[in-house]
1. According to the Kirkwood expression over distinct Cα-Cα pairs, how big is the hydrodynamic radius of the chain, in Å?
2. I'd like the trypsin sites (Lys or Arg not before Pro) in segment 166-258 restricted to DSSP loop residues with at most 10 other Cβ atoms within 10 Å, sorted by number.
3. How far is helix 163-177 tilted, in degrees, relative to the longest principal axis of the Cα atoms in the chain, given as a value from 0 to 90 rounded to the nearest 10?
4. Starting from 0 in steps of 10 Å, tell me what percent of the Cα-Cα pairs of segment 94-235 lands in each bin.
5. Express the carbon and sulfur contribution to the solvent-accessible surface of segment 802-887 as a percent, rounded to the nearest whole number, probe 1.4 angstrom.
6. Mind checking the log10 I(q)/I(0) for segment 835-887 at q = 0.22, 0.25, 0.28 Å⁻¹? Debye, one equal scatterer per Cα, no solvent, two decimals.
7. Given segment 671-799 reduced to its alpha-carbon atoms as identical point scatterers, what log10 I(q)/I(0) does the Debye formula return at q = 0.20 Å⁻¹?
8. Which one, 338, 356, 371, projects farthest toward the positive side of the charge dipole computed for segment 335-377 from Cβ point charges (K/R +1, D/E -1)?
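The values are calculated or read from the model by the stated rules, or taken from the named source; none is laboratory data. Just so it is clear, the model here is predicted, and its values are computed rather than measured. So basically every Cβ, Gly included, is an ideal-geometry build from the backbone, and we count neighbours across all protein chains shown. Side chains included, ligands, DNA and RNA excluded: accessible areas come from the protein's heavy atoms. Shrake-Rupley method; radii C 1.70, N 1.55, O 1.52, S 1.80 Å.
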Amino acid sequence: MFTQDTQQDKITVLGKTFNSEDERREYFRNELRSILPELKQMEGFPIGEDEDIIKLSDPPYYTACPNPWLNDFIAEWEDGKKQLLLEGKRVSDFEVDEPYASDVSVGKSNPVYTAHTYHTKVPHPAIMRYILHYTNPGDIILDGFGGTGMTGVACGGCETSDNKIKLDISNEWKAKYNREPNWGKRHAICQDLSPIATYITSVYNSKVDFDELIKESNSVIEEIKSRCKWMYETKHDNGQLGRIAYVVWSNSIICQNCSTDFVYWSSALNREEKTINDFVKCPKCGVEGKRSDFDTLLKSDFDVVLGDTIKSKHLTPVLIKYKYGNKGFEKEPDEFDLKNLEKINNTKIGDWVPSYRMPSGDEARRNDKEGVTNVHHFYTKRNLLALSIANQVIEESNCSHILKFILTGMVVRSTLMNRMHVRNYFFGGGGWNAGHLKGTLYIPPLPMETSILEQLDDKFKGLIKALRFMNRQSTSTITSTGSTTKLPVGDESIDYIFTDPPFGANIMYSELNFLWESWLKVITNNSDEAICNKTQNKNLLQYQNLITHCFKEYFRVLKKGKWITIEFSNTSAAVWNSIQTALLNSGFVIANTSALDKKQGGMRSITTATAVRQDLIITCYKPSSEFDEKFKQHQNTDVAVWDFVEEHLHHLPIHLVKENATTAIIERSPKILFDRLIAFYVQKGLPVPIDAGKFQEGLRERFIERDGMFFSNEQVQEYDKKKAEAPSFIQLSILVSSEQDGVYWLKNLLKEKSLTYQDIQPQWMQALAGVRKGDVIPELATILDENFLKDNEGKWYLPDPENEADLEKLRNKRLLKQFEDYKSQATTARAKKIKEVRVDALRAGFKQCYQDKDFPTIVAVGDKIPNNLLMEDEVLLQFYDIASSRV
């Protein structure tokens, strides 16, 4: 790491003073070396040699293993808060009452976001808005799934950000709060299981001496170019040399009818139609078929890296894109090109290249059958040789820690995974290289070999842009590599958490990161990787268990009364419920869910907890010390119920506007309030002391209802005032896909006026949406009979609170009777799966079993019902999860 201080300046870190950054780095590396044996016992310690881990690290700011100095920094930062208070830069009684639920407009085009091709990132200007809302200058922010460190970048931006970003946020704050944001430095701890992620984080959050960096970088790049130039030369039609940009290679395939092998490109390319044919034709016998109908030709060859003969795909260069002067040209490979390739193949790789066997995994070994079994097989010999030279030159430079960023930025783009962009080939524009298929290690039949020399300048420019952008900001980010299932951080030491964890089987991080990390020689230890992965024997329940451990650690380290924001990206309702259940079982209380569109930047409230077509922002809080004390005093009485509701309402948005209209807040609806109450009691291992009917009756007695939502007296005054400014009202959009949805839909319908069955039935049929497999929605007549009353004219109407409570008791009795049937089916000898169930009966039965401490029945029935119903219903899943831990 290069600092802006000169070598003559003294550097003080954690109370120790050094004459230079090199002296500081050497001292802490020796300290790290001495405690590595102890650190190796920690969860998530990476795979690699000790010296490679130490060499990659820049301690105490960044370690490629669990960082032993985190608590030292926390202590120093806490002490620094006192000075900020004295200077008037920090508020002593800072408190956040409600979640940040405003619209956000943020793109991905800033240079920090685009500098590296790591899988997932949340644009840091979006994160800044949350940090500014939930924290005070001097506060400590944690991201235990830190990725490439955007939370750290956002913390720095809160002190000295890009002028446009600062202006945009200032204008938003003035419009919403009639004030400026509380600008000022925040401190960040970014941890991730992946060494490549934490390495990128460390670079993004470095301060550099640009004069020295640019001087050293130019020297490194020129050295790489001079040693690799000959490999990327090709002859122009005038005999002069041009420089290769890309080479298209092609598989050869075998006709199953006549056993003739031929180059796939020759049959696939359709120049007349300007496309790639869906069907290929054998040039000898004329048999046609899809490419998958033909076998890929494998050839035996001696692998000099492995020192053994292997079988691999037979690849043929078919097209070269090159530059001559300032213009681009294309050609078929000629004699010069083929001789140059032969010379490259006969050239020994003088320095190290990664030859690790690809790890076991759902994705990592997809190419085994085609001979791509080890890391170096993902590259042509030319690109492998060039990357080896680049790695060697960078390792020997004075700024290797920063310049490895350029190397890792080229590692994936240089593989055979890159695809030819067919449309751009025929019609021009945007370059030919479509990149690799995201989230996979797929190698296409027409891979594109992208020149290392072509990438060098581009990656260097991207790095400099990002660092110049960052150098306008303050940075105070400490980086650690390890598992969030056990954070090396003290209890209640964190002021706010923003996190973007992995979601189910979305991305196989450790497998995809293996290519990058192989060049760093430090590999992810994936035993605690929170994903769904068949090879790792991690299904959705195992994923939920791991993510719960992580969230419990978040709950432990977060101060009471503080907030956590979780960015969620998955289209599976089951994964969504696993995240919610993990949060609730950890002790957090969910306060708000919003949709985040990173591409368009729009953030809008959603109307149902399973609408997960966009990225979501989940906002939760850790109950305050005052509430905990009050609840302990009253937990065996009904008073505790209303203590919780009052506390929870205090943490919910009061008024939301969408498209200049007031929007319903689902978290304030009686159904969701009751669900949050159940979750809170279950997490504490306490019986739920009230049923839904009594709960709704109590809500109406103690709180004020507006538009189907409940408020405290103070809140309703603010709601009424703000609604007067945006009087149009957007009701919750309800589609019926479960019994609960149906009851809620009918309550909204009958709230206006009484209706006959004949009036209701056509609208009911229109509202019915896709029902989950295995879930049984009762007939409309049954739902009406169990939840509503009918007058003398045969019209159904909403019961008053007293009758509603009586109906609830009768309905619960019927549901428990139905549950007894499920219990009988599940507990008989050789019990079979129960294919269809009434979910509300399961909810009632699981709740009763929980009250009776009959945990074996919950587990027995849960194991026999359709798995999707269990995983997609947050209440069932929470009861099952608690019961499983008690059996």
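1. Numbers: mean 1/r = 0.0327 Å⁻¹.
This gives a value of 30.6 Å.
2. Working: sites: 166, 174, 176, 179, 185, 186, 207, 215, 225, 227, 229, 235, 243; in loops: 179, 185, 186, 207.
Within segment 166-258, the qualifying trypsin sites (Lys or Arg not before Pro) (loop, at most 10 other Cβ atoms within 10 Å) are 179.
3. Orientation of helix 163-177: about 0 degrees from the principal axis.
4. Result returned by the calculation: 10, 33, 30, 15, 8, 4, 1.
5. Numbers: 1960 of 4260 Å².
Using a 1.4 Å probe with all protein chains present, segment 802-887 comes out at 46 percent carbon and sulfur.
6. At q = 0.22, 0.25, 0.28 Å⁻¹ the computed log10 ratios are -0.70, -0.92, -1.16.
7. Cα-only, vacuum Debye calculation for segment 671-799: -1.29.
8. Selected residue: 356.
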